[in-house]
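The values are calculated or read from the model by the stated rules, or taken from the named source; none is laboratory data. Quantities reported herein were computed from a predicted structural model and do not represent experimental measurements. Positions of Cβ are generated from backbone atoms using ideal geometry, with glycine treated the same way; all protein chains shown enter the neighbour counts.
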């Protein structure tokens, strides 16, 4: 866990005026991302209000530590991640000082770029992408559709369940979602056919970026796992439910998922989240304790993510009418997660599997226990049996062409300036 | 499919004497790999008998086409794969000429390195690794252990089943296999514990390397899939069966597999395999035809891989006694596979998932219908219920520390010079 220090001071403001009171990117956030201007090479930057502070430029100008220059001058964050948690904290302190203290304004201001004018990229080269399944309410809701009396399998409360996803099709927010084709077999059909998915869905998740990682054959003790997490993003695990139902046994989801995974462009650092950590929710009476390799007092006390999540839907008709997007769900990550981010990391490496800087790990769908906090249409529409009616009168069981789906996240805590993740969005295009 | 041309001429010999009659690497093979000498940067090379022909050196010396120089001068084959099938065929013709015609000997010989003196590396940077499950006898044998009356799930004969594996832990043959730890829950135990796997196994597979690939959102028509395959290697999907049984539901195998996947260092090119292609085995009476997107006449006629596979085991005691390794199984890939390599590639991209140059795809375990051709100890020992007795009197249900397991592959066909894959080996080390 990262400590709370002067960079979190609610009294601190920035000379970048748009940062003060900014819902996502006040000076207390300082998320990292990769942007490009025109046809220039992508660069690492920090979001501050409506602006981006160019770390390559600032580094080259001598505003940051010299031994960071190589890593911060690249087009991805992978090399920076190898610098580890101490340098990450030090960079945060440095940036917080540069962007708050008027004395640095003359030298720093030339390295600001207006965010509205840039193109955002993936923050790093993702070698491996793994998706977990730690949202216990989601697992229960989905399990109930298959096994009404016994929704959770016996391993769920011992094993942080995860599976490998496709790294090549992870894309940054805004990438169009071409409706995938695949084998569809309705329950009453004798044989499957191949065509556009009829049950296209989203999954509300958080993404975890790995900072240092481990060598093949080594493990990551639970007490050290937090230090291996660079930060978090929003993640939409787009899912074709009809393809999934037909293909997933016995080896798990594959083409139902790997046509696209979208992530928000700004990585909110582990350091920025320090004021928003909370205790893991107590395990229900009768649940087993985590096995010793997954159990850590500090993690139990502060492994919870106090991140408020929301999902909105804007249909083509709503867009044409200028109507507000409809809120599909709202809920908090901490209450949705049965396993902490540290437990996810430790479990992933517990057999000697090597995690590498820039690896992306999805939490799994984060549904809360309430009906207002369900993280997928599969749950909201009960597998399509209970379509929802939108304000304009349209109904939805699953996503239609033209729909734009957006994930949001904000952190709010007593005595802290709220910070946000920005958004992760995608619009559905017809199958080609 | 690649055509048979003068490079396959059985009368052709090499001035590299060790190539003539070499069981694996005669001049008709010419597999590609990446090697290093001492502390030098890894280079691309071609195996020829007991020697390696250094393609970076040969290219720099002007012995190969100038527009290949950049790609052949790198430390991985990824860039070369983007050159596509025409250049692959042309490189093969060029190499076959250089290494067979005495006139080229003076200029080519300085670029030969003795294979015994080099270190081999992964042939390419593997961005994504996917493992399929197209060995129908394996799927049936494994399924029978769980569902005696209904071993194959209803989707098996429609969907080439696959799942994502871990790219970071793919290693070249010879990498030690550290026994993984994980959650083990014997059927009679009330709860799992964490410790070294007691049921460590291998899986005999072939690996497929992707040459060009497709853009996200595009597909690869079945008639074009063969052109996207650069070549093949041996692949051992090491598996911890106790971890697997406990963790795999509902999202598939994860820590049971991702501690290590070993591949043989030499990629036998699609071009070299041309004389050994055969018809896909006819589908059993009553089986559905492949859906149209997976059906291609040419692929049905020549999509089968005439590759003879074998597995040997050498225990520590056998090694100490100087005894011959024991043959665990022997069989042919073509008869083991329900789906062809082209069908695998087309299915993988059929939802718009992008395949990239250097992606690795495993076929899944290739067991034949015979008891002598089973590709895993899970099958050979019937899940541990029928341990085998080795020639020296030792017994095995699963792999023990000190065991060395080796996969082999050779191609034999009338009128063709036999070629081989070399081997893929790994020795089990105790858990750390």
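The table for this structure:
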quantity	calculated
From the options B:268, B:327, residue that is crowded, with 22+ Cβ neighbours inside 10 Å, at pLDDT 95 or above and away from every other protein chain (no Cβ under 14 Å)	B:268
Flag for residue A:386 being touching a residue at least 40 places away in the same chain (Cβ under 8 Å) and either part of a strand (DSSP E or B) or surrounded by fewer than 22 Cβ atoms within 10 Å (Cβ to Cβ) (or both)	no
Residue within region B:192-199 that is modelled with pLDDT of 95 or more, out of contact with any helix residue (DSSP H, G or I) (no Cβ under 9 Å at 6 or more places or on another chain) and closer than 30 Å to residue B:357 by Cα present	no
Output for region B:46-68, where each listed residue is in a strand (DSSP E or B) and under 16 Å from residue B:81 (Cβ atoms)	B:46
Test: residue A:415 is more than 21 Å from residue A:137 (Cβ to Cβ), surrounded by fewer than 21 Cβ atoms within 10 Å (Cβ to Cβ) and in contact with a helix residue (DSSP H, G or I) (Cβ under 8 Å, 6 or more places away or on another chain)	yes
Matching option when the condition is at the interface with chain B (Cβ under 7 Å from one of its Cβ atoms), at pLDDT 95 or above and on the phi > 0 side of the Ramachandran plot, among A:213, A:217, A:165, A:174	A:217
Qualifying position, being touching a residue at least 24 places away in the same chain (Cβ under 8 Å), more than 30 Å from residue A:36 (Cα to Cα) and either in contact with a strand residue (DSSP E or B) (Cβ under 8 Å, 6 or more places away or on another chain) or surrounded by fewer than 22 Cβ atoms within 10 Å (Cβ to Cβ) (or both), among A:104, A:194, A:133, A:129	A:133
Single residue of B:250, B:284 found to be surrounded by fewer than 24 Cβ atoms within 10 Å (Cβ to Cβ), within 14 Å of chain A (Cβ to nearest Cβ), over 26 Å from residue A:215 (Cα atoms) and over 18 Å from the mean Cα position of the chain (by Cα)	B:250
Qualifying residue in region B:359-374 (condition: over 30 Å from residue B:219 (Cβ atoms) and either crowded, with 24+ Cβ neighbours inside 10 Å or modelled with pLDDT under 95 (or both))	yes
Subset of region A:1-21 [touching a strand residue (DSSP E or B) at 6+ places or on another chain (Cβ under 9 Å) and free of Cβ contacts under 8 Å to residues at least 60 places away in the same chain]	A:18
Qualifying residues in region A:392-411 (those that are outside any strand (DSSP E or B) and in contact with a strand residue (DSSP E or B) (Cβ under 6 Å, 6 or more places away or on another chain)) - the one farthest from residue A:175 (Cα to Cα)	A:398
Odd one out for residue B:369 among (1) in contact with a helix residue (DSSP H, G or I) (Cβ under 8 Å, 6 or more places away or on another chain); (2) within 14 Å of chain A (Cβ to nearest Cβ); (3) assigned to a loop (DSSP other than H, G, I, E, B); (4) on the phi < 0 side of the Ramachandran plot	(2)
Conditions (1) under 26 Å from residue A:143 (Cα atoms); (2) more than 7 Å from chain B (Cβ to nearest Cβ): number failed by residue A:195	(1)
Residues within region B:127-146 that are over 19 Å from residue A:359 (Cβ atoms) and within 10 Å of chain A (Cβ to nearest Cβ), tallied	6
Selection status of residue B:349, in contact with a strand residue (DSSP E or B) (Cβ under 7 Å, 6 or more places away or on another chain) and closer than 27 Å to residue B:143 by Cα	no
Considering residues of region B:177-189 that are in contact (Cβ under 8 Å) with a residue 12 or more places away in the chain, more than 7 Å from chain A (Cβ to nearest Cβ) and assigned to a loop (DSSP other than H, G, I, E, B) only, the residue surrounded by the fewest Cβ atoms within 10 Å (Cβ to Cβ)	B:186
Options A:316, A:298, A:321, A:302: the member that is away from chain B (no Cβ under 14 Å) and in contact with a strand residue (DSSP E or B) (Cβ under 8 Å, 6 or more places away or on another chain)	A:302
Selection from region A:330-366 of residues that are closer than 13 Å to residue A:203 by Cα and within 11 Å of chain B (Cβ to nearest Cβ)	A:364
Candidate set from region A:391-403 (those that are within 26 Å of the chain's Cα centre (by Cα) and surrounded by fewer than 19 Cβ atoms within 10 Å (Cβ to Cβ)); member that is farthest from residue A:142 (Cα to Cα)	A:402
Condition check for residue B:429: within 14 Å of chain A (Cβ to nearest Cβ), more than 21 Å from the chain's Cα centre (by Cα) and either at pLDDT 95 or above or closer than 26 Å to residue B:233 by Cβ (or both)	yes
